[in-house]
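A quick write-up on the structure given underneath.
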Amino acid sequence: MLNRKMITLSISTIACLGACSSMQAMNETIEPGIAGYTHGSRSVERAPITLAELEELKLSLLMSDEDIKYLRMSYKVLEPNVEELVGVWYGFVGSNPHLLKYFSNAASEPDMEYLGRVRARFERWVLDTAQADYDQDWLDYQFEIGRRHHRIGKNKTDHANAIDHINFRHLSALTIPVTTTLKPFLERGDHTSEEVDKMHAAWVKSVLMQSILWSYPYVQDGDF
Ligand code: HEM
């Protein structure tokens, strides 16, 4: 398996295609000694829940070792298709004005540079999700993704000038389009339909679990 830094560099190289030469420089700003990811120049704070509490959340979601196995099985199927897959998701967001507005400025003009930069991180996230390597770095970064959807962190990584907050109600809702449009991509490998169904079920659990972790900044102190 590729390590995270290699994935970041290869994806940013593919995704930028000359449109964002600073992206690669941004992703290369991985400071040694800092725990977790540093997408952009910002270090990642420690997660407010422990790995043991993550295990409890997995139990609540009926996420078993078998699900982890099927997530990892999906890696090889998705890796060569990751750009196209994220393109489908971008198509969904782009065709829904109520979602596209979160990538747009106050005059409702989509910020193409912002869309492009986030896309590279989205592609990396697909592979991270398929790797299902739930260590402290991964857990810490989940809460960073949450902050990036909320006004406390949105736009900051890319210095974007878009609407500064994604309304909570859409976060978990997007689990459905994200995992529904994923299924035809899972069918592209040489797996049986039973294996495809199991990979798909594992992805539904993982995306729901992540959107729950991302909801942390939206929940009143002490209630998460
Ligand atoms: C299951 C639901 C969702 C998934 C899986 C998802 C996935 C992601 C990922 C992987 C990133 C990049 C994180 C990073 O910086 O490394 C991201 C950022 C972003 N997502 Fe989502 N997202 C979801 C819900 C939404 C919704 C409902 C919207 C509304 C349109 C949205 C808009 C954005 C925006 C604008 C960013 C960039 C935030 C920033 O300024 O850094 N996302 N999302």
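Read-outs: derived from the displayed coordinates by stated rules, not from any lab. Predicted model, so just to flag it, every value in this text is computed and none were measured. Heads up, the Cβs are rebuilt from the backbone with ideal geometry, glycines too, and the neighbour counts pull from every protein chain shown.
A Cβ-based charge dipole, computed about the Cα centre of the range 82-136 with Lys and Arg at +1 and Asp and Glu at -1, lands at about 200 debye. Considering only the Cα atoms of the range 42-149, their convex hull presents on average a projected area of 8.3 nm². Since only 180, 167, 136 are under comparison, the one whose Cα sits farthest along the positive direction of the charge dipole of the range 48-218, derived from C-beta charges on Lys, Arg, Asp and Glu, is 167.
Of all lysines in the structure, those lying under 22 Å Cα to Cα from residue 205, and not within fewer than 8 positions of it along the same chain, are 58, 69, 76, 183. Evaluate E = 1/(1 + (r/R0)^6) for residue 56 and residue 169, where r is the Cβ-Cβ distance and R0 equals 30 Å; express this FRET efficiency to the nearest 0.05. Computed FRET efficiency for residue 56 and residue 169: 0.75.
For the range 48-218, the square roots a ≥ b ≥ c of the C-alpha gyration tensor eigenvalues yield an a/c of 1.5 or more together with a/b not exceeding b/c, which makes the shape oblate.
Each of 71, 145, 96 was placed along the dipole of the range 48-218 (beta-carbon charges, centred on the mean Cα), and the one lying farthest toward the positive end is 96.
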